[in-house]
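The values are calculated or read from the model by the stated rules, or taken from the named source; none is laboratory data. Not measured: the values here are computed from a predicted model. Counting neighbours? That spans all protein chains shown, and the Cβs are built from the backbone with ideal geometry, glycine included. Accessible surface areas use protein heavy atoms only, side chains included; no ligands, DNA or RNA. Shrake-Rupley method; radii C 1.70, N 1.55, O 1.52, S 1.80 Å.
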Amino acid sequence: MGAAYYRAESESGDHIEDPSEDALFMLIGDLNGSDNTFVVIQPDEDDPVWFTSVAVLEEGGFEVVRRDTTRREHDVTTETSIDQIARDLTIWMAARDFPGRRHASNF
């Protein structure tokens, strides 16, 4: 059975179905500059409409990419805090659309 919403997978092959903020923190913390340089998070489907990735930068820190084709979003930033990255990505992914999930109305 696949992920209910999304899947995180690192270059080394580590993967987590529907990762929590803590799980993202661990995956990002395991990245290094040699054989595990990135992690990609996207819906567990054939043609995902959004994705986000975190990659190690040679000069230190991380490049964070967020892309959502349905909302015409494409954002690339750099960050040094793994905690901040995991928190921001968790919030960003919670706002994405998933089949079968209803969003609460914003008042």
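Considering only the range 70-86, how many residues are of a type outside the set (Gly, Ala, Ser) and either in a strand (DSSP E or B) or in contact with a Leu (Cβ under 6 Å, 6 or more places away or on another chain) (or both)? Here the count works out to 7.
Would you please name the residue that is surrounded by the most Cβ atoms within 10 Å (Cβ to Cβ), looking only at residues in the range 47-69 that are of a type in the set (Ser, Thr, Tyr) and either outside any loop (DSSP other than H, G, I, E, B) or modelled with pLDDT of 95 or more (or both)?
The selected residue is Thr52.
Report yes if some residue within the range 33-46 is of a type in the set (Ser, Thr, Tyr), assigned to a loop (DSSP other than H, G, I, E, B) and either surrounded by fewer than 19 Cβ atoms within 10 Å (Cβ to Cβ) or out of contact with any Leu (no Cβ under 9 Å at 6 or more places or on another chain) (or both); otherwise report no. Checked against the condition, which is being of a type in the set (Ser, Thr, Tyr), assigned to a loop (DSSP other than H, G, I, E, B) and either surrounded by fewer than 19 Cβ atoms within 10 Å (Cβ to Cβ) or out of contact with any Leu (no Cβ under 9 Å at 6 or more places or on another chain) (or both), the range 33-46 yields at least one hit. Of the residues making up the range 18-45, those that are in contact with a helix residue (DSSP H, G or I) (Cβ under 8 Å, 6 or more places away or on another chain) and small (Gly, Ala, Ser) are Ser20, Gly29.
Within the range 48-66, being closer than 18 Å to Pro19 by Cα and over 10 Å from the mean Cα position of the chain (by Cα) holds for Pro48, Ala55. The set of residues from the range 23-32 being within 14 Å of the chain's Cα centre (by Cα) and open to solvent by 70 Å² or more (accessible area, probe 1.4 Å) comprises Phe25, Met26. Of all the residues in the range 4-22, those that are within 25 Å of Ser34 (Cβ to Cβ), in contact with a Lys or Arg (Cβ under 9 Å, 6 or more places away or on another chain) and open to solvent by less than 70 Å² (accessible area, probe 1.4 Å) number 2.
Selection over the range 1-32 of residues that are of a type in the set (Asp, Glu) and in a loop (DSSP other than H, G, I, E, B) gives a count of 4.
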